[in-house]
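Any read-out appearing in this document is the output of simple, stated calculations on the displayed coordinates, not a laboratory observation. Quick caveat: nothing in here was measured; it's all calculated off a predicted structure. With ideal geometry, Cβ positions are generated from the backbone for all residues, glycine too; neighbour counts draw on all protein chains shown.
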Amino acid sequence: MTAREAARLIRTGHVSVLRWVESGLIEGYRTPGGHVRIRKTALVGFLRKQQMPVPKELVERVKLLVIDDEPHYLRALKQLLQQQDARLDVELASSGHEGLLRIGTDRPRVVLLDAHMPRLDGIETCQLLKDNAATADIPVIGMSGRGGDFGDRMRAAGAAVFLPKPISARDVLSALEAVGVLPMLATEE
């Protein structure tokens with residue numbers, strides 16, 4: 001984006017933005033014609049480091065599909081996660097079958113999947129996701145409130161991370177960071 005576009009987004013003068021780029025506070029580059037350009041990620045990093053508000057136009061949303069057969073747990077987790085991080089767009093599915101349908105239509109960026117569910121359990125759901133070339137690249141975070149070997153079985157089916165229940169919003173955010181879909185806020189690092 002140009003310095004003027006960045007200035008308009010953060011409600012400041014473009015000369016200030018140019019000075020910040022020239023002083024190295026915002027990482028930018030020059031086009032062959034000598035014009036300054038700024039990547040969105042560089043501007044967001046600068047704003048967070050300076051503890052300035054980040055305009056919603058600059059915040060990348062991450063679509064997270066949570067699949068669990070416990071409706072109260074689904075609703076509570078959705079509310080908790082969206083309160084904790086505004087970048088999350090949390091969708092819900094109450095079974096493995098519903099989850100697979102939602103994945104096919106909504107294409108989430110990441111799936112949080114309960115290992116133990118009736119009919120099509122999370123382990124089988126994960127395996128189906130990973131066996132399909134169209135969905136194999138979607139990271140899966142497994143979870144379960146039951147002991148035993150569910151974590152090992154979820155990882156064997158293709159889950160990148162496994163979380164024992166009960167899980168906190170911080171657990172989920174850390175797992176999202178671990179799978180590379182949600183970089184932590186600069187103020188949290």
* To do: Find out how many positive minus negative residues lie around TRP20, taking Lys and Arg as positive, Asp and Glu as negative, among other residues whose Cβ is under 13 Å from that of TRP20.
  => 0
* To do: Quick one: check the C-alpha center-to-center distance for the stretch 1-50 versus the stretch 123-149, whole angstrom.
  => 41
* **Label point distance in nm, HIS116-ALA134, each placed 7 Å from Cα along Cα→Cβ** => 3.3
* Restricting to the chain, compute how many DSSP beta bridges are antiparallel as a %, nearest 5. => 20
* Structure fact -> Lys and Arg at +1, Asp and Glu at -1: neighbours of TYR29 with Cβ under 10 Å from its Cβ sum to +2
* Please compute the net charge surrounding VAL54, taking Lys and Arg as +1 and Asp and Glu as -1 over other residues with Cβ under 13 Å from its Cβ. => +4
* Zone of GLU177 (label point 7 Å along Cα→Cβ, backbone N under 16 Å): which residues in the stretch 11-52? -> 45, 48-49
* **Charged-residue dipole, Cβ positions (Lys, Arg, Asp, Glu), the chain about Cα centre, Debye nearest 20** => 980
* To do: Stick to the Cα atoms of the chain, pair each with every other, and give me the Kirkwood hydrodynamic radius in Å at one decimal.
  => 18.4
* Asked: Quick one: of the DSSP bridges fully inside the stretch 22-103, what percent are antiparallel, nearest 5?
  -> 35
* With each pseudo-label sitting 7 Å past Cα toward Cβ, what's the SER168-GLU60 distance in nm, one decimal? -> 2.7
* Structure fact -> Between the residues PRO108, PHE150, ALA134, the Cα farthest towards the positive end of the dipole of the stretch 62-178, that dipole coming from +1 and -1 charges on the beta-carbon of Lys, Arg, Asp and Glu, is from PRO108
* Structure fact -> Restricting to aspartates and glutamates and to Cα separations under 19 Å from LYS63, and discarding same-chain partners fewer than 8 apart, the set is ASP85, ASP89, GLU91, GLU98, ASP106, ASP114, ASP137, ASP171, GLU177
* Asked: Looking at the stretch 3-53, what % of the alpha carbon pairs are farther apart than 13 Å?
  -> 54
* Asked: Near LYS40, which aspartates and glutamates are there with a Cα under 13 Å away, not counting those fewer than 8 places off in the same chain?
  -> GLU5, GLU27, GLU57, GLU60
* Asked: Taking all pairs of different Cα atoms in the stretch 1-93, averaging 1/r and flipping that mean, what Kirkwood radius in angstroms comes out?
  -> 15.3
